[in-house]
1. Taking a cut-off of 23 Å, what percent of all Cα-Cα pairs in the stretch 1-101 are separated by more than that?
2. What does the convex hull of the alpha-carbon atoms of the stretch 203-263 project to on average, in nm²?
3. Give the peptides 40-46, 231-237, 169-175, 124-130 in descending order of average Cβ contacts within 10 Å, highest first.
4. Cβ under 11 Å from residue 126's Cβ, residue 126 left aside: what net charge do those residues give with Lys, Arg +1 and Asp, Glu -1?
5. Can you give the Rg and Dmax of the stretch 101-145 based on its C-alpha atoms, in angstrom?
6. What whole number of Å gives the distance from the Cα centroid of the stretch 2-46 to the Cα centroid of the stretch 227-261?
7. Starting from the Cα gyration tensor of the stretch 25-158, take the square roots of the eigenvalues, sort them a ≥ b ≥ c, and report rounded, prolate or oblate (rounded when a/c is under 1.5, otherwise prolate if a/b is larger than b/c, else oblate).
8. Would you check the accessible area of residue 74, probe 1.4 Å, heavy atoms only, in square angstrom rounded to 10?
Amino acid sequence: MPEGDTVWNTARVLDRALAGARLTGSDFRVPQLAATDLTGWTVRESASRGKHLLLRLTAPTAAQWTLHSHLRMDGAWRAYTPGERWTARPAHLIRVVLRSPGAVAVGYHLHELALVPTAEELSLVGHLGPDLLGPDWDADEAVRRLAAEPERTIGEALLDQRNLAGVGNLYKCEVLFLRGVSPWTPVGAVPDLPGTVALAQRLLAANRGRWTQSTTGVLRRGGTSYVYGRRAQPCRRCGTAIRKEELGDRVTYWCPVCQPDRS
Ligand SMILES: [Zn+2]
């Protein structure tokens, strides 16, 4: 599940593969960029903002541009060495290929792929709340934004990237379990909002630098979460069957005993 930590890791992989490199070719397989050719462009750096990826480039004219992409539920970037087979995903999912002398970056099933002047990056990510894994993470501001809508359920509010950027379904479910808070609790009734926000940040930060997302500290398959993906399995604390509810594309897992409804 691409959440803030996955996107952070992806940005680092792209940065290591391409930063400082001059592109020797590009191949966009999306209509809006089909005519774009980045040959001769230099990659300055790769960064993440919440769940958004920003690949910053300098054109031969010295103009600064940003290639934006979003992974949503199923997107991915992979870096290969030149000549290596691209095995991560089926070829029909490829949306862009960037070639440099030392690496080939392949973007699969990317969303919102756009090339914008770097000065206009804010038009793409300016609406986001504080980035949980950003160098400028501001917990107080995230709490302030969440608290501004006290009637909203905490489950929904944590997913709203305008409040804080980087939490997806997995971390939402896990944070609320660990805090003993039902996902349907109104924000105004959450006992310790700053503590909830701080825990979300710690859980994401703990998974930087690895692809296995674990909130339990266990990395073995089947042991990485408390409630997420564990419908009908016994709660690790009380043994009650974990519940799952789907609302559109938003899935919630919770333990009805450990997370009593206070609304
Ligand atoms: Zn329980």
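1. Values: 1114 of 5050 pairs.
So the portion of pairs separated by more than 23 Å is 22 percent.
2. On the way: hull surface 21.1 nm².
Convex hull of Cα atoms, orientation-averaged projection: 5.3 nm².
3. 169-175, 40-46, 124-130, 231-237
4. Numbers: positive: 49, 162; negative: 120, 121.
Neighbourhood net charge equals 0.
5. 15.1, 47
6. Measuring centre to centre over Cα atoms gives 38 Å.
7. prolate
8. 60
The values are calculated or read from the model by the stated rules, or taken from the named source; none is laboratory data. Small disclaimer: the values here were computed from a predicted structure and weren't measured. Here the Cβ is made from the backbone with ideal geometry for all residues, glycine too, and neighbour counts use every protein chain on show. With ligands, DNA and RNA removed, areas are computed over all heavy atoms of the protein, side chains included. Shrake-Rupley method; radii C 1.70, N 1.55, O 1.52, S 1.80 Å.
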